[in-house]
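Below is one structure, written out as structure tokens; the observations come after it.
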Amino acid sequence: MARKNRNPVGKNVDPEAQKKKTRTLTLKSSDGQEFSISESAAVLSIAIENMVEDDCAGGVIPLPLVDGGTLARVITYLNKHAEDGASDEEKRKFDEEFVSGMEMGVLFDVVLAANYLDIRGLLREVRRRIADRMKNKSVEWVRKTFHIESDFTPEEEEQMKKEFAWAWEGVDSDVDD
Amino acid sequence: MDRTRIKSCVLNDRITNLPCDIIDNILKYLPLRDVVRTSILSRGWRYKWVTIPYLVFDENFQESLPEKCNIESIIYQILLVHKGPIIKFTLMVPDFEIYPAIDHWLHFLSNHHVEEFALWSSDMDQPMPYHLFNFDHLRHLYLIDGEIKLPPAFKGFSGLLRLELQNVYLAPWEFKKLISKCPSLEYMDLDDLDGDTRDLEIDAPNLKSFSFIGRFNSICFKNASHLVKMSIRTSYELEIPDEFETSQEFATFEPYESDRNMIEVLVKLSSLTFEPYESDRNMIEVLVKLSSLESDGGFLQFLATGGVPQKLLTNLNHLTILSLFHIGFESIVEVKCALCLIRSSPNLQRLKITSGTPRKERNVKTTRFLTAQQTCQIPLHRLKNVKIQRFSGAEPEMEFLKLLLLAATVLGKLEISCYHDVAREARYCMVRRLVSFRRASPEAEIIFQEP
């Protein structure tokens, strides 16, 4: 992108926001990996923002529920969303590509991390992506994709299908998309 | 990295044990039919769906059903098994006879904390069931067709933030009563109101956004100190009748006597009041607090009642987005009015214009006017983005763009998309002329889209 000097002359720059951009925090994953991140990106996570505000950060913020691989992904997301000059459209495109490339296991790692760290935008994107994998799919397909084991007897299943007969017809054929 | 752990997550059923609110929020993105189908996945999923707080019966839902299905009995069935609050209820199925079942459903829903309610009423002659007026938690109400008759004991919707009415029949006194009993209203979208409500008196102290399409005689804001976005369009029609050419003619229309879209007006905004016929103050002066303004050519004509000054006495200092739809560039009144708004908006950042259907006649006066304006400075030092659609390349349009390019010192993008009827050669000429115009902004990029 050929976008330089975006800060117009004379624009008021909030000194506090400027400080956040230059200040870095260190996040520590459950498996002991450390990542540095600008404070302005980190506080897009409400949970981290609260920790910083309560000053219980003390340099390194431990995140015992997020492993290193997942944290690295989350940080990529946060950095993009804190980027100066990234338009909403760019961010939207980034979000789409970001989640569409994730495998199922990764989606669940990220949804739990986003939930724990309270990153609303990311949480929304991943939930939507998971829902997309279920949309208009047969029960068998969803079970296979999400490794859900049915514990119904065939008779029980038949009975339930009768109850909501209108819900079973016309789903996509069981192909991976 | 711990390979065994990752491998095991791939094969485990991880979705079933997600926290409830995550599952609810995943199901939220699924059509209702898919949601119901989850009940058969496993015992763990049997009753997950019955607490979903969003029930949406719309056209997509109807289309997803097998042919012989009766949507009415399905709605009964779902409401019967549903548990817990229903935050959102939508019933927007075309050609679906909702009476008399809707009475029962609304009675049921009135104890379920509905916050968002949308209904497409098929029968114009039926008033909305009175249970609707007992929804205490309503925040968003969207109605298409049907009639509103408020019960005498209507307490109001104290928490209603957003009201959208489309083609709803509403007597003038009912309209007034409804608005006055919704003190929290922030967004109001009135589209083609039926029922002779031509004089709109709006007393909504928290109103932020007002959008209106249709005919009116007057709009009176009694208390609108928070209004920042206003969109008023007088018709869906693309053509503005010739008779609207001058403001004098316009001002003499008699209310109710003519079939015109807009006639006379009384606009009051917070402390600024305007009495028609008594003062020569321009009506546009009332718009000072807006940050976004949308208008069509018809409403510009209306604003021009009483004449158009070069510039407003008070700047529209907060206005950053101006959208003008179906502007007749051959109409000097509309062009003058548009330019007056632009000139009075020193902080304008985005300008979007849709040209009216091009007509060849009588544009000499407008062209001459616009050419003359090019020597005056227009303070457009914040304007970054201009979008013009249905561009025909007529002289006044070209002169208008010339004017903008000369004045906009930080313009980043001018996007033009052409009216479909313009011939290929004419488009070529247009582009050649456009790129030769002087640009005050060295960064300005002109993007031309083929129709």
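A short reminder: the numbers here are calculations on the coordinates, not readings from a lab. This structure is a prediction, so every number in the text was calculated from the model and none was measured. Glycine gets a Cβ as well: all are built from the backbone with ideal geometry, and neighbour counts include every protein chain shown.
Once the C-beta distance of B:V364 and B:E59 is scaled by a Förster radius of 56 Å, the resulting FRET efficiency is 0.70 to the nearest 0.05. Could you compute the FRET efficiency for A:H147 and B:K181, with r as their C-beta to C-beta distance and R0 at 41 Å, rounded to 0.05? Rounded to the nearest 0.05, the efficiency is 0.20.
Which residues among region B:128-152 fall inside the zone where the amide N is under 15 Å from a point 7 Å beyond the Cα of B:H226, along Cα→Cβ? Residues B:139-140 fall inside that zone. Peptide A:166-173 has a mean of 6 when you count, residue by residue, the C-beta atoms of other protein chains within 10 Å of its C-beta.
With the simple model of a label 7 Å out from the Cα in the direction of the Cβ, B:F154 to A:E103 spans 5.9 nm.
Relative contact order of chain A: 17 percent, from C-alpha pairs under 8 Å at least 6 residues apart in sequence. Taking label positions 7 Å along the Cα-Cβ direction at both B:S417 and A:D174, the computed distance is 4.3 nm, reported to one decimal. For chain A, the number of Lys pairs separated by eight or more positions or lying on different chains, with C-alpha atoms closer than 15 Å, is 4.
Taking the Cα centre of region B:68-174 as reference, the dipole from Cβ charges on Lys and Arg (+1) and Asp and Glu (-1) amounts to some 440 debye. Computing FRET efficiency as 1/(1 + (r/R0)^6) for B:H113 and A:S36, where r is the C-beta to C-beta distance and R0 is 41 Å, gives about 0.35.
At 37 °C and a viscosity of 0.692 mPa s, what translational diffusion coefficient does Stokes-Einstein give for region B:297-451, taking Rh as the Kirkwood radius over Cα pairs? Give it in µm²/s as a whole number. Estimated diffusion coefficient is 211 µm²/s.
Peptide B:57-66 is shielded by partner chain Cβ atoms: per residue, an average of 2 of them sit within 10 Å of its Cβ. In this simple spin-label model, placing a label point 7 Å from the Cα along the Cα-to-Cβ direction at both B:N315 and B:R438 gives a separation of 2.4 nm. Sorted from greatest to least, the principal axis extents spanned by the alpha carbons of region A:57-165 come out as 59, 33, 19 Å. Take each residue of peptide B:32-38, count the partner chain Cβ atoms within 10 Å of its Cβ, and average: the result is 6. The value given for region A:20-117 is a Kirkwood hydrodynamic radius of 13.9 Å, derived from the mean inverse Cα-Cα separation.
Panel values: region B:61-197, Kirkwood radius from alpha carbon pairs, Stokes-Einstein at 37 °C and 0.692 mPa s, translational diffusion coefficient 212 µm²/s.
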